[in-house]
């Protein structure tokens, strides 16, 4: 309840009320700035095919590609659907990999083939084994290569394989975030 006595008190009341506006505006601006800060906002993402799911720290981007393998008795096509998030100088990647058409009868598995391709791409020495849950330190690029840390996880079902990868520079790699992501893959 406000009691107004004379013009002077009314001016003071208006001044106090108008002083609240800058504080409210500052509060709204602070909230909007904080909402733009890249924080880990874990969300469940389900793949369109094969029913795989994982918790990502932000909304992932999705892209697909087809890889033709010529070094088999018959030409084989592999489809790779990639879901990825780059956040705080770390990358969280889920690759859903499947054969298109007939599944070949060969001595090497899909996982071995995919891991060999990854080793070539990332310049990982052939003697390094890409084992699930093991922190791997390597270098990306030729010439001026950059150090990276990575952890992998592979799962298979009758129709596809999924590979989760958490990768980042050694100084920005957060093992707890990587393990949380990889452990969420089902």
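The values are calculated or read from the model by the stated rules, or taken from the named source; none is laboratory data. Computed from a prediction, not measured in an experiment: that's the story for all the values here. Cβ sites come from the backbone with ideal geometry, for glycine too, and all protein chains shown count toward neighbours.
Quick one: count up the residues across the range 146-182 that are over 12 Å from residue 90 (Cα atoms) and assigned to a loop (DSSP other than H, G, I, E, B). Total meeting the criteria: 3.
Please work out if residue 137 is buried (at least 20 other Cβ atoms within 10 Å of the Cβ) and assigned to a strand (DSSP E or B). Steps first, answer last, please.
Numbers: buried (at least 20 other Cβ atoms within 10 Å of the Cβ): no; assigned to a strand (DSSP E or B): yes.
No.
Summed over the range 152-168, residues that are closer than 15 Å to residue 135 by Cβ and modelled with pLDDT of 90 or more total 6.
Before we move on, is residue 124 within 27 Å of residue 44 (Cβ to Cβ) and in contact with a helix residue (DSSP H, G or I) (Cβ under 8 Å, 6 or more places away or on another chain)? In short, no.
How many residues does the range 160-186 hold that are more than 17 Å from the chain's Cα centre (by Cα) and surrounded by 12 or more Cβ atoms within 10 Å (Cβ to Cβ)?
Applying the first criterion (more than 17 Å from the chain's Cα centre (by Cα)) to the range 160-186 yields 160-161, 171.
If we keep only those that are surrounded by 12 or more Cβ atoms within 10 Å (Cβ to Cβ) too, we end up with 160-161.
Adding up the residues that qualify gives 2.
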